[in-house]
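Written below as structure tokens is the structure these notes are about.
The values are calculated or read from the model by the stated rules, or taken from the named source; none is laboratory data. No experiment lies behind these values; they were computed from the predicted model shown. For neighbour counting, all protein chains shown are included, and Cβ atoms are generated from backbone atoms with ideal geometry for every residue, glycine included. Surface accessibility is based on the protein's heavy atoms, side chains included, excluding ligands, DNA and RNA. Shrake-Rupley method; radii C 1.70, N 1.55, O 1.52, S 1.80 Å.
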Amino acid sequence: MSNLQVLVIEDDQDVQLGYVQALGLDGIQAQGFDSVEKARRSIGRDFAGIIVSDIRLPGMDGLAFMQELLADDPDLPVILITGHGDIAMAVQAMRDGAYDFIQKPFLPQVLVSVVQRALEKRRLALEVRQLRKQLAAYGGLESRLIGNSNVMAELRHLVQGVAATPTDVLINGETGAGKELLARCLHDLSGRTGPFVALNCGGLPETLFDSEMFGHEAGAFSGASKQRIGKIEYAQHGTLFLDEIESMSMPMQIKLLRVLQERVIERLGSNRLIPVDFRVIAATKADLSKLAEEDKFRADLYFRLNVVTLDLPPLRARREDIPLLFDYFVTQSALRMNRPAPAITPEVIRDLMAYHWPGNVRELRNQADRFVLDLKMVPGNAMADTQPTLHAAVESFEKGMIAEELRKQGGNVSKTAEVLKIAKTTLFDKIRKYDLEEK
């Protein structure tokens, strides 16, 4: 904790000096200020420390400053020092997000103890924040949204462009295409400090909607023995991921729309409005615009969610990514099962490229598990029933092989042509034919 510091705001110079010295004797770095205006200059984004402030100050008071700080960084611990007449005010401040309050007069050990706990909390919060940034930066999106196809390159570009904005997002994609993974990538790159909260709307009964989404107070209904925080409130300063949103009933859609518009919730059994700051990422396998036209989905909710739309392509639309994805899944599966990774032969790739993958990436991952376990990969007669024409299969296989070898050779056409044993001019023609040129 030696790299963290404490900013002490107290307009009485002698009292301020006493606070700073008491903390210093315990090895805690502390700096004193006599006003909020002066202290503010030392606080930047991801401030490595905490705030100790008297409530009553000249200029901006401690409460107003706390609200300003927490609006920018909800994880920043603010400790308030109160006089005898400020207890009710301090209790309300705790409800509004203050870390703790200390009532005057107090012993130096009390201040040191509270500050030590707050510094530990701040240290952990900053570590989590840093780890999240490292996770997002590790290998870039290429290590998570895997694929060399043009559609995946464009998708990664869009994700990088919208992730840090507060805009709600709608993801379109078939079952198993990776919609939740895409939503998690958006959250991890967003810089939001709250959690990622996932909810499958298809498995949410209408009778439980209010309690699950908004929470309830103790005694709100029979069986509600204690207070419950709902999904929306739990996603404070984070992301709420709503999968299969097309399965929401009309009454549920109306309630969700109201929250999205007003950004406040009300727990069951309470009349208190709670402001919420969260981002919604909704996912659907249906055509919401068509459902809205047919009055099966509220048009106003669709337009509210449809500010930014990301289309996640099915696996059959990016067959050239299959060898890369399968190799990745086989490696991960072998590590997980503590088994050697089997060699992936050209015959295996040929069969994978010919299959139409109704279960998309999820099905491919499952087949990689079966491959590592030395089980038959494609179930039943699925291959025979869905086999494309010979011409389409050959082209798909050829495109995939060229794309994969180009990736291995870092885009070097000469080396790729040498490995594939074809003329460089022929390879150039095929690269243009299959639109494999780097964008």
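Across the stretch 1-12, a minimum of one residue is classified as over 36 Å from the mean Cα position of the chain (by Cα), crowded, with 19+ Cβ neighbours inside 10 Å and in a loop (DSSP other than H, G, I, E, B). If you go through the stretch 58-99 and pick out every residue that is open to solvent by less than 60 Å² (accessible area, probe 1.4 Å) and more than 20 Å from ARG40 (Cα to Cα), you end up with 6. Of all residues in the stretch 1-25, those that are at pLDDT below 90 and either of a type in the set (Phe, Trp, Tyr) or over 26 Å from ARG192 (Cβ atoms) (or both) total 1.
Selection of first residues in the stretch 102-127 that are within 20 Å of ILE87 (Cα to Cα) and of second residues that are among the polar types (S, T, N, Q), restricted to Cβ pairs under 7 Å at least 6 apart or on distinct chains, gives the following pairs, ordered by first then second residue: GLN103/THR82; LYS104/THR82. Looking across the stretch 46-57 at every residue that is among the aliphatic types (A, V, I, L, M) and in contact with a Phe, Trp or Tyr (Cβ under 9 Å, 6 or more places away or on another chain), the one that is surrounded by the most Cβ atoms within 10 Å (Cβ to Cβ) is identified as VAL52. Residues in the stretch 215-228 that are surrounded by 10 or more Cβ atoms within 10 Å (Cβ to Cβ) and not aliphatic (A, V, I, L, M): 7 in all.
When residues in the stretch 402-425 are screened for being open to solvent by less than 40 Å² (accessible area, probe 1.4 Å) and out of contact with any helix residue (DSSP H, G or I) (no Cβ under 9 Å at 6 or more places or on another chain), 1 of them pass. Taking the stretch 157-274 as the region of interest, the helices (runs of 4 or more DSSP H) fully inside it that hold 3 or more residues being under 26 Å from PRO314 (Cβ atoms) are 179-188.
Scanning the stretch 282-319 for residues that are under 19 Å from ILE349 (Cβ atoms) and open to solvent by less than 20 Å² (accessible area, probe 1.4 Å), we see that the one that is farthest from the chain's Cα centre (by Cα) is ARG318. Taken together, ARG267, ARG279 contain a single residue that is open to solvent by less than 60 Å² (accessible area, probe 1.4 Å), on the phi < 0 side of the Ramachandran plot and in contact with a Gly (Cβ under 7 Å, 6 or more places away or on another chain), which is ARG267.
Looking only at the stretch 163-177, decide whether some residue is at pLDDT 90 or above, farther than 30 Å from LEU436 by Cα, surrounded by 14 or more Cβ atoms within 10 Å (Cβ to Cβ) and acidic (Asp, Glu). Checked against the condition, which is being at pLDDT 90 or above, farther than 30 Å from LEU436 by Cα, surrounded by 14 or more Cβ atoms within 10 Å (Cβ to Cβ) and acidic (Asp, Glu), the stretch 163-177 yields at least one hit.
Of all residue pairs spaced 6 or more apart or on separate chains, those with beta-carbon atoms under 8 Å, a first member in the stretch 140-156 that is basic (Lys, Arg) and a second member that is in a helix (DSSP H, G or I) and surrounded by fewer than 18 Cβ atoms within 10 Å (Cβ to Cβ) are ARG144/LEU181; ARG156/GLU142. Could you list all residues from the stretch 250-263 that are open to solvent by less than 60 Å² (accessible area, probe 1.4 Å) and either aromatic (Phe, Trp, Tyr) or closer than 15 Å to ALA282 by Cβ (or both)? The answer is MET252, GLN253, LEU256, LEU257, VAL259, LEU260.
Of all the listed residues (GLU180, GLU212), the sole one being acidic (Asp, Glu), under 30 Å from LEU141 (Cβ atoms) and surrounded by fewer than 18 Cβ atoms within 10 Å (Cβ to Cβ) is GLU180.
Filtered by the rule that a residue be open to solvent by 60 Å² or more (accessible area, probe 1.4 Å) and within 20 Å of PRO313 (Cα to Cα), the stretch 326-374 gives ASP327, TYR328, PRO358, ARG362, ARG365, ASN366.
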